[in-house]
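Only one structure is covered here, and it is reproduced in the block below.
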Amino acid sequence: MEKPTKRILSGVQPSGDLHLGNYLGAIKNFVSLQKEYECFFCVVDLHAITVWQDPKVLANKTREVTAAFIASGIDPKKNNIFVQSQIPQHAQLAWLFNCIARMGWLNRMTQFKDKAGKNSENVSVGLFSYPTLMAADILIYLATHVPVGEDQKQHLELTRDIAQKFNNDFETDLFPIPEPLILGDAKRVMSLRDGSKKMSKSDPSDYSRIMLTDSAENIIQKIKKAKTDPYPLPDNINDLKLRPEALNLITIFSALESISIDKVLQNYGAKEFSSFKKDLADLAVSKLEPITSEMNKLMNDTPFIDDVLQSGKNNAIAVAEPVLRKTKEIIGFLS
Ligand code: AMP
Ligand code: TRP
């Protein structure tokens, strides 16, 4: 079997509205990586249903993530964009990995602990084994690199452990040990309401996140209302690090404008938040508005989106099927 050396897989859940954290932490990086890598971008609906999803909106959300990929600049002709539940090999490999991963490894996953909270007896079994499915998403394509936000680092380490243990147990080199690509300054975009919490699809407050579907007016309002402290902006990085809300807004500015944090501090250090926020709002609108309007256009062309997903599906299965067959043969299953 041909072993790729520069193949990317990444996934985004269709579980809510995409936000600035998804864009800056993941999708924007996908766009720049497509030049150099063979890419598989997956809308991970099997992951989404680890928590309740309304069947009436799930299909639409799946198309919306696809539209966001394309509107952000991912070329659907050059890259494979597809839906996880349409590629049965993911779930099949995930089962095999459930028998490789150890309980102790999964018990250490902080995302599970955060999502389950005090309710861990009552969450789905799928939420617990979520990371073995993620490992399957990556390894079914023998992907070598995985661009993600910082919150996924631990899941990537688990993926590496699973690949290593499978290879050791069965004395094979089938699976690569994939590298995380956690790129840019905005590795972890924080809530606009609380600089100590990650910006997330599941935060109950709409004002905590800027969504890719927000109008210019909404974006301006959300940035205006974003939590700050009462002091002028700091003029150096050490002071900035002590002020979570300022750090978050300055990081967002630097990532949107693709300039360094130092440069933003040179321009805005010692100034009041109000003038900075105005410029940040203008910048966010100018970068996000073209994406939002392209997304809206694409969402009105369902046949086009479905065509993209159909061709992504065909390409994905052509790669995934031989890898699953080989894995089953190594384990000793009858063919
Ligand atoms: P999800 O919304 O959980 O499917 O995440 C999709 C991608 O966005 C993953 O690569 C995440 O690491 C990334 N991501 C999600 N939230 C954030 C955030 N607040 N900051 C940076 N990256 C994020
Ligand atoms: N767990 C990721 C998240 O919530 C989404 C995801 C699923 C993913 N499968 C993946 C990311 C494979 C990268 C590679 O953000």
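At what distance in angstrom do the alpha carbon centres of the range 1-17 and the range 296-335 lie from each other?
11 Å
What is the range 72-211 by shape, rounded, prolate or oblate, if you read a ≥ b ≥ c off the alpha carbon gyration tensor as root eigenvalues and call it rounded for a/c under 1.5, prolate for a/b larger than b/c, and oblate otherwise? Mind showing how you got there, number by number?
On the way: a/c = 1.84, a/b = 1.31, b/c = 1.41.
Here the range 72-211 falls in the oblate category.
Going by alpha carbons, how many degrees (0 to 90, nearest 10) lie between the helix axis of 302-331 and the longest principal axis of the chain?
50 degrees
As a test of understanding, state the convex hull volume per residue of the chain from its alpha carbons, in Å³. Each step should come with its number before you reach the end.
Details: hull volume 48.8 nm³, N = 335.
It is 146 Å³ per residue.
Please compute, over every Cα-Cα pair in the range 206-296, the percentage with a separation greater than 15 angstrom.
Values: 2343 of 4095 pairs.
More than 15 Å apart: 57 percent of the Cα pairs in the range 206-296.
Note the angle between two axes, namely the Cα long axis of helix 55-72 and the longest principal axis of the Cα atoms of the chain, as a number of degrees from 0 to 90, rounded to the nearest 10.
Helix 55-72 sits roughly 70 degrees off the main axis of the chain.
Would you please state the base-10 log of I(q)/I(0) at q = 0.17, 0.20, 0.22 1/Å for the range 1-76, with intensities from the Debye formula using one equal scatterer on every alpha carbon?
-0.67, -0.87, -0.99
Fewest first, what order do M109, M134, M295 take by the number of other Cβ atoms within 10 Å? All intermediate terms of the calculation are to be shown ahead of the outcome.
Working: M109 19, M134 26, M295 23.
Least to most surrounded, the residues fall as M109, M295, M134.
Which three numbers, in whole Å and largest first, are the semi-axes of the equivalent ellipsoid of the range 126-174 derived from its Cα gyration tensor as √(5λ)?
On the way: eigenvalues 72, 32, 18 Å².
For the range 126-174, the semi-axes come out at 19, 13, 10 Å.
By count of other Cβ within 10 Å, fewest leading, how are T327, T172 ordered? If you can, show how the numbers build up before the last one.
Details: T327 23, T172 12.
In increasing order of surrounding Cβ atoms, one gets T172, T327.
To the nearest 500 deg cm²/dmol, what mean residue ellipticity at 222 nm is calculated for the chain from DSSP H runs of n ≥ 4 alone, each contributing -39,500 (n - 2.57), summed and divided by the residues?
Values: 14 runs with 177 residues, N = 335.
Helix contribution divided over all residues of the chain: -16500 deg cm²/dmol.
Label points 7 Å out from Cα along the Cβ direction at E171 and D279: separation in nm?
Using points 7 Å along Cα→Cβ, the separation is 6.4 nm.
Could you give each residue of the range 155-161 its phi-based ³J(HN,Hα) in whole Hz, using Karplus coefficients 6.51, -1.76, 1.60 with θ = phi - 60°, and x for Gly or Pro?
Per-residue couplings from phi come out as 5, 5, 5, 5, 4, 5, 5 Hz.
Just how far, in whole angstrom, is the range 35-105 from the range 166-188 if you go by their alpha carbon centroids?
For the range 166-188 versus the range 35-105, the Cα centre distance is 18 Å.
Using only Cα atoms, find the angle between the long axis of helix 244-257 and the longest principal axis of the chain, and express it within 0 to 90 degrees, rounded to the nearest 10.
Relative to the chain, helix 244-257 is tipped by roughly 80 degrees.
Every read-out reported here was derived from the displayed coordinates using simple, explicitly stated rules and does not represent laboratory data. Keep in mind the model is a prediction, meaning the values are calculated, not measured. We place every Cβ from the backbone using ideal geometry, glycine too, and count neighbours over all the protein chains shown.
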